[in-house]
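Colleague: Okay, here's the structure, questions in a sec.
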Amino acid sequence: MNTTVAAHHEPWSKRPLFAPRQLLDAARLNAALDDELERQRVLNLALHGWGVVSGFGVEVRELGRDGQQPRKRLLVGCGVALDPFGRMLRTDDRWLSLNDVEGPPPKSGGRYTLVAHHAERLDPPHGDSCGGTGPQWREYDVVYTLQHGCEPHDDRCPPLPEGECLSRTDYVRRRIGSVRGKVPDRSKDLDHACERPGSLRATRCGSWCYDPAAGVPIACVEIRERGGKPDATPVAGHTRARGTGSSAPDARCLVIEEVCTDECSPVPHVYRNPLLLELLNCCDVTLPRVERVSWSEWTGPPGGVPWDEFSTRVQVGDESRAADGFAIWFTRPVRADTLTTASVLLTAFRQEELADYWESGRVPIEVRPLELVGEVARGVQLVADSEWLAAEVTGRRSSLTGGFRLEITLRGQLLRDDCGHMLDAVPTDVDCTRCQRRPGDDLIWAFEVGKRAPYDSGGAPGQNESTRTGES
């Protein structure tokens, strides 16, 4: 079956087909080279995305000759990057001053983003009578510009749609753009996948041309104003206007002060394949985690938790005061039917007197879902049984008065969200956003509770000895 391409559909690739004894003219050879470059550009972007592959480290150093005031310059280290159209940027170590940067010069101090751009030129240029009869070459290099402001690059996981369960296949299809859906939609590194680079702009001096619309951020630099008498080598064109030879009336200049990339890095990095990186980070699934707990101030108190604080908190049973009792909130809603006394435990450990064995006892509690919407809840409240409270907390006698250890346990393998995912048992004080760390594991909080004060004559828990005797 013969297939043809419709007249209004241009082929994306076209190469000359050579035959024996065929005349190889410049047009055919250049067409083959251009097609190969286009294929390489498209493949770079499709497989790797865009950003810094390696190198392109930036630092500030002071340079100056004897008798001259040192000037700060940027040193850009050798490196490889891919621009938003998939063109390869390659540079050796290179010194930069503000005069070496293309585009509009900075007009005030502040933070700027240093951006690397694809540049090319013909050598010798067209119409060069000194070129002789030798071949003409197309050369490639990197041109730098400064853009005001310095926004950190967002390389985190995209937000997943609320109330929708994605399979890994669904996630991949949406990120590569083969299907349309809610967030996460097509990956940002594919924004220019079906576009061709725009026209190039000539640099201020020289024969280089660069693409100002497509660049790779490589650093955040601080530029400051510095007053003083202008010298013969202006730094940023503010002490002497470009090409005019006239001094600026306020005799100010802008200087490179420091590199602050570590504080707010604008650099996108290439990890061979952005989609692969997201899958390695488990961006296609968000497991529920513990967002906060009501007893957060108990974390690491010196000497343990005072009995009075424990007694006050364990007696709270009103849902409107859940934050004053024992309550847990999750980052994602969990199924209410999985919040049971098998998945949420309150345990007391005390030492018996004969051999100092630690004996454990499960505190009888009622597990109440919080912020219930349909069949899922955003949190859970642990309410102690009233008879247990009367026997162990508010009564005259108790097995816990000499002090004990309290443990609160979440069994992650028994908890499920609305997509059937288990709890990721990462402690709330651990900043961990990459992938699942402890799916289905137990999350445990343990506290030492102090001794209860003696009862007073009224039959209620009394004050401690120091308070009753007037000691401070």
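Colleague: Please find, within segment 79-107, the residue that is modelled with the lowest pLDDT out of those that are surrounded by fewer than 12 Cβ atoms within 10 Å (Cβ to Cβ) and not charged (D, E, K, R).
Modeller: Out of the qualifying residues, it is 104.
Colleague: I'd like to know if segment 149-162 contains one or more residues that are outside any helix (DSSP H, G or I), among the small types (Gly, Ala, Ser) and either in contact with a strand residue (DSSP E or B) (Cβ under 6 Å, 6 or more places away or on another chain) or at pLDDT 85 or above (or both).
Modeller: Checked segment 149-162: at least one residue is outside any helix (DSSP H, G or I), among the small types (Gly, Ala, Ser) and either in contact with a strand residue (DSSP E or B) (Cβ under 6 Å, 6 or more places away or on another chain) or at pLDDT 85 or above (or both).
Colleague: Of everything in segment 180-196, what is free of Cβ contacts under 8 Å to residues at least 24 places away in the same chain and either open to solvent by 60 Å² or more (accessible area, probe 1.4 Å) or among the acidic types (Asp, Glu) (or both)? Give them in sequence order.
Modeller: Correct list: 180, 182, 185, 186, 188, 194.
Colleague: Just to be sure I understand, how many residues within segment 174-213 are more than 23 Å from residue 12 (Cα to Cα) and hydroxyl-bearing (Ser, Thr, Tyr)?
Modeller: Total meeting the criteria: 3.
Colleague: Looking at 143, 60, which one is touching an Asp or Glu at 6+ places or on another chain (Cβ under 6 Å), farther than 30 Å from residue 39 by Cα and modelled with pLDDT of 85 or more?
Modeller: On the way: 143 fails: farther than 30 Å from residue 39 by Cα.
After ruling out the rest, the residue left standing is 60.
Colleague: Only one of 438, 434 is modelled with pLDDT under 70, within 29 Å of residue 337 (Cα to Cα) and open to solvent by 40 Å² or more (accessible area, probe 1.4 Å); which?
Modeller: Result: 434 is the single residue among 438, 434 that is modelled with pLDDT under 70, within 29 Å of residue 337 (Cα to Cα) and open to solvent by 40 Å² or more (accessible area, probe 1.4 Å).
The values are calculated or read from the model by the stated rules, or taken from the named source; none is laboratory data. Model, not experiment: these values are computed from the prediction. For neighbour counting, all protein chains shown are included, and Cβ atoms are generated from backbone atoms with ideal geometry for every residue, glycine included. Side chains included, ligands, DNA and RNA excluded: accessible areas come from the protein's heavy atoms. Shrake-Rupley method; radii C 1.70, N 1.55, O 1.52, S 1.80 Å.
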